[in-house]
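Okay, so here's the structure we're looking at.
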Amino acid sequence: MLKKKGIKNLLKSIVIDTGPLLLPLTREYGWDRIRELLIMHEKGEVNLYIGLFNIAELVYISQRLGFDADVS
């Protein structure tokens, strides 16, 4: 879990790469921190940004991992 002191020091806008977004899918080390960051984004506490190339990469990799990613 992110420490309260760490949360206060987070920027309000963060550009996130594909790798961290895959962690909740693969349950690799650090996935719980990324999940908490995504929850903070959903609550409007922080803005997360991802590039279009990263979205395509995320969809491709998630499909290779066996997740159903309908992009229609």
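The values are calculated or read from the model by the stated rules, or taken from the named source; none is laboratory data. Just so we're clear, the structure is a prediction, and the values are computed from it rather than from any experiment. Heads up, the Cβs are rebuilt from the backbone with ideal geometry, glycines too, and the neighbour counts pull from every protein chain shown. Areas reflect the complete protein model, heavy atoms only, side chains present, ligands, DNA and RNA absent. Shrake-Rupley method; radii C 1.70, N 1.55, O 1.52, S 1.80 Å.
Where does each of Glu57, Glu28 land when they are ordered by accessible area, with a 1.4 Å probe and the largest first?
Listed by decreasing accessible area, they come as Glu28, Glu57.
Take the solvent-accessible surface of the protein heavy atoms, probe 1.4 Å, and return the percent of it on region 10-72 that carbon and sulfur atoms account for.
After summing per-atom areas, the C and S share lands at 57 percent.
Name all residues of region 45-62 having a backbone nitrogen under 16 Å from the label point set 7 Å from the Cα of Ser13 along its Cα→Cβ direction, giving them as ranges.
45-52
Report the local net charge at Leu23: Lys and Arg +1, Asp and Glu -1, summed over other residues whose C-beta lies under 10 Å from its C-beta.
Surrounding charge for Leu23 is +1.
Test of understanding: what is the full-extension gain from Glu42 to Asp68, defined as 0.36 nm times their sequence separation minus their Cα-Cα distance?
Contour length minus Cα-Cα distance gives 7.2 nm.
Name the residues whose placed amide hydrogens come within less than 5 Å of the amide hydrogen of Leu48, ignoring near sequence neighbours (fewer than 5 apart) on the same chain.
Hits under the 5 Å cutoff: Ile14.
Through the Karplus equation 6.51 cos²θ - 1.76 cosθ + 1.60, θ set to phi - 60°, convert the phi angles of region 53-59 into ³J(HN,Hα) values in whole Hz; use x for Gly and Pro.
4, 5, 5, 4, 5, 4, 5
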